[in-house]
C-alpha cells in the first residue's frame, strides 16, 4: 500500500472537456483495455534499466498527467489529482538469455500483458512501461490510460524520452524546451470558460441506430471491424469538394450522415470527428485533449445532398468555434464516429486499414457503437466499419456496407437529388 501523501503534495484540478468525455465512456467499464493507448520506442543500443528509469523520471516530473489520478471528490464529481510524485512502474525483460527464435514470442506476450492489465484510476499511476533488452538493442513499450494520454502525446513522449536517454548516455542534462503552460492550467482555463457560459447546451435528440439488440446500460468494449475497398472513389470525392468549395472530408461526412439518415431515420445526428491537431501552445504537452469533436448535423425534411453538405459545413464551423476552451459546453460522447483523410489511422484516430481489405469480420475492441474509417490510397479508398458486437450482427454491417457502396456514388453524381431517393434500406 502506498504511503498516504500530505495534502499539500496533491493538487486538485477539474477534468478537462476531453477528460469528461473519456470518463463518461470509461466509467461503465473502467478496467477495459479499449481505453488504453500503447506506444513503442526503439532505444539507442542496449540501454540499461538505470538510464531508462532516469529518463522516465524526468518525463514524469515534467508532465503532470504522468503524476495524475482520477476519482470523485468529496461532492462526488470526478476530478484529477495531480501528485507531486507517483511511483514509476517499469518492468524489465532480459532477452539475452532466451534463444533467439523464442524472443519474438516472449516479447509479444509481455507487451500484450502490459496493454491488457487494468489501471486503478484512483490509485494510479495511469501509465506503465516495459523495457525489453537484448544484447544489441532495447525497446520500450509504454501503455497509458486515455484519461491522461492521447496520440499526439505519444509523439511528444517518444521525442523527449529519446532525448533523455541520449543525454543520460552522454552524461549531460536533457535539452528539452520550456513548456508555456501545464495541462492543469489548460483544464482550469476550460473550467473558467464554462463558468462564463450562460445556459446549458441542448443534447441532440439523436434517433437511435437500428441495433440488433437493446443497448446495454454499460458500454461493452467487445467489437469487430468489416474492411472494404472503394476503387477509384477519391477522384469523384475531390471533384465534388471543389464544386462545393469544401474539403473532401466534409463531402464524405455528409455522405455518411445521409447513410445514417437513410438507415435509421434520424434527422438530428451527433457524429464524432477526430481533431486534426493542437494549438501551438499545447503541442509540447502530454495529456488528454479533444481527440474527438462532436459534430451536430441536422437534416431538414426533403433535404438534398447539396443542402445536407451545406448543413455539414455550418455544423463544422460551429463545432470549431466551440472547440477547446471556446464558449458553451459540448454535447456528450457520440455513439457514432467518422475518421477520414489521407492518413486516417495516425494521431487522429484508430489504426489505419491494411493495404488490402478483406471480406471478413475481424475481432477488435470498439470505442463507440459504430465508426466509419476511410483512408485514401492512390486514388482508392480503403476503409472499415468498426462496431460493437453486443449491438450489431455481422450481417447487419454487411447490409450497411452494401448501402454505403451504392449511396456514395449516387450522391456524388447528383447532389440535388433528395435524400429519400438515394439507395438505402426499404
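Details
- Annotation for residue 416 and residue 155: the two label points, set 7 Å from Cα along the Cα-Cβ direction, are 4.3 nm apart.
- FRET efficiency estimate (nearest 0.05) - Cβ-Cβ, residue 406 to residue 215, R0 30 angstrom: 0.65
- Computed over region 1-94, relative contact order equals 36 percent, with contacts defined as Cα pairs under 8 Å that lie 6+ residues apart.
- FRET efficiency for residue 189 and residue 247, using Cβ-Cβ distance with R0 set to 30 Å, rounded to 0.05: 0.55
- Label-point separation in nm, residue 321 to residue 98, each point 7 Å along Cα→Cβ: 5.6 nm
- Considering only the Cα atoms of region 382-426, their convex hull presents on average a projected area of 3.9 nm².
- Ranking of 404, 81 by count of other Cβ atoms within 10 Å, fewest first: 81, 404
- Relative exposure of 160, 236, judged by other C-beta atoms within 10 Å (fewest first): 236, 160
- Fully extending the segment from residue 235 to residue 9 would add 75.6 nm, taking 0.36 nm per residue of separation and subtracting the current Cα-Cα distance.
- Counting every other Cβ atom within 10 Å of each residue's Cβ, 153, 9 order from fewest to most as 9, 153.
- Distance between region 82-155 and region 362-403 - C-alpha centres, whole angstrom: 30 Å
Just so you know, all these numbers are worked out from the coordinates, no wet-lab data involved. Worth saying up front: this structure is predicted, and the values here are computed from it rather than measured. When we count neighbours, we look across all protein chains shown, and the Cβ atoms used for this are built from the backbone with ideal geometry, even at glycine.
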